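Please read the structure below before turning to the comments.
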Amino acid sequence: MSDPTMAAEGVPAGQTGDYITAAEHATGTKEKTRSLWSDAWHDLTRRPLFVISMAVIAFLVVVAIFPSWFAEENPRLRDLDRARIGPNVPYLATVLAIIGSGITVIAAILATVGKLRDGVSRKMAPYVAGIGGVLLLAGGLINSVTLYLVIGALVFACGVVSGVPKVSRLLRGNAGTWGVVALLAVAGGAGLFIALDDLSTVEVGAAFGYDQQGRDIYARVVYGTRYTLLVGFSATLLTVLIGSLVGILSGYFGGWLDSLLSRIGEVFFGLPFVLGAIVILSAFRSAGFDSAPAIVAMVVMSISVLSWPVSMRIMRSAVIAAKQQDYVKAARALGASSARIIFRHLLPNCLAPVLVYATIALGAFIGAEATLSFLGIGLRDPAVSWGVMIADSRDYIRASPLLLIFPASFLTLTVLVFVTIGDAVREALDPKLK
Amino acid sequence: MTANTSESVLTDPTTNGQDGPLLEVRDLHVEFRTRDGVAKVLNGVSYHVDAGETLAVLGESGSGKSVTAQTIMGILDSPPAFVTGGSIKFRGQELLKLSPEKRRLLRGDGIAMIFQDALSALNPVFTVGFQIEEQLRIRKGMSKAEARKRAIELLDLVRIPNAKGRVRQYPHEFSGGMRQRAMIAMSLALDPQLLIADEPTTALDVTVQAQIMDLLAEIKNERQMGLILITHDLGVVAETADRIAVMYAGRIVEHGDARSVYKAPGHPYTIGLLNSLPRLDQKGQTLETIKGLPPSLLNIPSGCPFHPRCPQAAPVCSTTVPGNHDLGNGRYSKCHFAEEVVRNG
């Protein structure tokens, strides 16, 4: 950072008038001041993977809140006549192609914006085009539609060409870039046109097929998003709240309180996660918690009770490190009370590591919920989650693997997205990596 | 957290003793109880500061300068630090007997402190303005707008250019000298009567050092504050201090007015300190140093703690702890041969 007023500091203090004008001149242009957080946000919005992950999460959250917008079928409607019917391949392929083409069009728009106004979109466009291409290719592959395959390959190639630095050098100059933009726009438009046309010829519905009890898998995946995310978010929130509070107390006050709280934390830390959760959940299972909210609450509680020591340790060490800083001493020297020092001065400085843990833990907790559900002690009917679906499919894995593959791929994608975000946040908040 | 509008323990007229010094530290003992044993960090420190006066506390690292200051402020971490004896009187009021809450309210309001490294003493996540305004809002009950106005005035007072724009900036956007100025502004916000500056210029370059010292001296004169200047830089002291207290191994080994201590030091340690200053009139000479290391506070030498390093040590030095030798005019030295040392200078 070049500080324009550095020069002004050198002027002897006597000549006040002179250097004030000099400094005013130097700082005349209004530069926006940035805090650590706005700086990190600025950095994050320039990472394509972060932006794409956030978009995916935003979409998942919308699905979780309004599942009926995305699936008309009732996820609990059983019809044994249609048990384990495979996916509606032509419909699925067409929908994939429509989404892929739509994303390709978005990539073209991003590339245009990036070309006209230098910005994030320039970096994003290749990734988005790549995703669009893969979806088109997938649509073409599962239903052997040559047109989708050709368009998909073309779009994917565009993404690679403009995304890989060595290759993109070939396209330097206006003609090359505009050529790629035009190609993307035409390919996306054509794909959209063809796929929408195909949609009228295929039978609509049951994109993912039906499960062993004849329930629509697609509808269940959509409705399962709600419970999966609900468990993930609540467990993370609760874990971080308990952990941070205990961590702050033991880090700030130290002494016997620290020893006591740390030992308690270690006891919980020592419990094996799966075993502990099995004990807690099976103990309360017989206690008659049968409504969906009660089941969710039990799962959330057992995850948090067993994982808060991690966030407590992170918070505690952050507080101990920050407590040594002179600004805490300075705050005390100016007569600030303990509560004020903890919540106004320490907390904002200790939040970063816990926040990073929280984003990564969110993915892990979604996985943990699936694990517990798979073991038959987590969520269960009437609550639908991806973990429950995976558990239901366990006896049919060899006969109809698709029962497993659809919920499992959504689970994997979601966990991956949260871990990616956690990684990006960690890098953005770590000054050493800048 | 009390958001009282009149948070002050100083309004009580009975405690407002006008006679006697602003701050009087008497025979202060502090020890650090560590795993390796008890470190006697302060062994009977006594000094006083009057309003409008600058006392410079000199000494090597580990001599107890900062611990004394932090004991006065009451911000030592306990454990490991324990005050084992002595008294600290601020305007006639015994600080060591005040309740923690009353002491807290005295901080900032009565006694304020400036730290050595202003970057780490300013909270990185808040704007400089916020950090000044916070105290004004909580302690003086000012509104946000009033506090902002006052913060700009304070930044102007410490000569931060373009104070209006600067209040909204974060500490990392300030240069080293400006951070120290901001720190001073922060400590002045509640109009303290005593300001303790703990090595305020150590982290700065020489020209900025001079500016900061001038600024401190000026503010002190304007407000008739007491100023305790803790430093190991004799150059800084020579210009600004009224009186000097030299510390060694947790005690004041020499005390007197600045001029006469410089002219004719009364303790071999002070001589050693003065000799280890580089001088402009003697070119090409190796800098003199004090031989040896400061003593371990876990194991302070018998007799005079300075005797293992003292060029003039006699047998009596290793057996008997020297008392205060009065050198007249408020000067004293803890050396068996103080009078001789002054004469031979």
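Side notes on the structure shown:
- The set of residues in segment B:107-123 being out of contact with any Gly (no Cβ under 6 Å at 6 or more places or on another chain) and at the interface with chain A (Cβ under 7 Å from one of its Cβ atoms) consists of B:D109, B:A112, B:M113, B:F115, B:D117, B:S120, B:A121, B:L122, B:N123.
- Index of the failed condition, A:L355 passing every other in (1) within 12 Å of A:T236 (Cα to Cα); (2) within 14 Å of another protein chain (Cβ to nearest Cβ); (3) at pLDDT 90 or above: (3)
- Filtered by the rule that a residue be away from chain A (no Cβ under 12 Å) and either touching a residue at least 40 places away in the same chain (Cβ under 8 Å) or surrounded by fewer than 19 Cβ atoms within 10 Å (Cβ to Cβ) (or both), segment B:151-170 gives a lone residue, B:E153.
- Qualifying residue in segment A:319-335 (condition: within 30 Å of B:M73 (Cα to Cα), outside any helix (DSSP H, G or I) and either of a type in the set (A, V, I, L, M, F, W, C) or not assigned by TED's automatic domain parsing to the domain that holds A:V384 (or both)): yes
- Filtering segment A:87-100 for residues that are in the same structural domain as A:L199 (by TED's automatic domain parsing), closer than 17 Å to A:L49 by Cα, under 22 Å from the mean Cα position of the chain (by Cα) and in contact (Cβ under 8 Å) with a residue 12 or more places away in the chain leaves an empty set.
- A:L362 being touching a Ser or Thr at 6+ places or on another chain (Cβ under 6 Å) and either touching a residue at least 40 places away in the same chain (Cβ under 8 Å) or away from chain B (no Cβ under 14 Å) (or both): yes
- Restricting segment A:303-342 to residues that are closer than 30 Å to B:M183 by Cα and charged (D, E, K, R) leaves a set whose member that is surrounded by the most Cβ atoms within 10 Å (Cβ to Cβ) is A:R316.
Per-residue answers, yes or no, for (1) farther than 23 Å from A:F156 by Cβ; (2) surrounded by fewer than 16 Cβ atoms within 10 Å (Cβ to Cβ):
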position: A:L77; (1), (2): yes, yes
position: A:D81; (1), (2): yes, yes
position: A:R84; (1), (2): yes, no
position: A:P90; (1), (2): no, no
position: A:A93; (1), (2): no, no
position: A:L96; (1), (2): no, no
position: A:G102; (1), (2): no, no
position: A:A107; (1), (2): no, no
position: A:L110; (1), (2): no, no
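- Filtered by the rule that a residue be in contact with a Ser or Thr (Cβ under 9 Å, 6 or more places away or on another chain), small (G, A, S) and crowded, with 18+ Cβ neighbours inside 10 Å, segment B:304-345 gives a lone residue, B:S333.
- One residue from B:A249, B:A238 being surrounded by fewer than 17 Cβ atoms within 10 Å (Cβ to Cβ), more than 14 Å from every other protein chain (Cβ to nearest Cβ) and among the hydrophobic types (A, V, I, L, M, F, W, C): B:A238
- Residues satisfying the stated conditions in segment B:82-105, i.e. out of contact with any Gly (no Cβ under 7 Å at 6 or more places or on another chain) and within 13 Å of chain A (Cβ to nearest Cβ): B:L98, B:P100, B:E101, B:K102
- Checking A:R313 against (1) more than 9 Å from chain B (Cβ to nearest Cβ); (2) among the basic types (K, R); (3) farther than 28 Å from A:F418 by Cβ, the condition it does not meet: (3)
- With a requirement of 2 or more residues that are more than 24 Å from the chain's Cα centre (by Cα) and over 15 Å from A:T228 (Cβ atoms), the helices (runs of 4 or more DSSP H) lying completely within segment A:341-434 that satisfy it span A:402-429.
The values are calculated or read from the model by the stated rules, or taken from the named source; none is laboratory data. Bear in mind the structure is a predicted one, so any value in this text is a computation, not a measurement. Neighbour counts run over all protein chains shown; Cβ positions are idealised from the backbone, glycine included.
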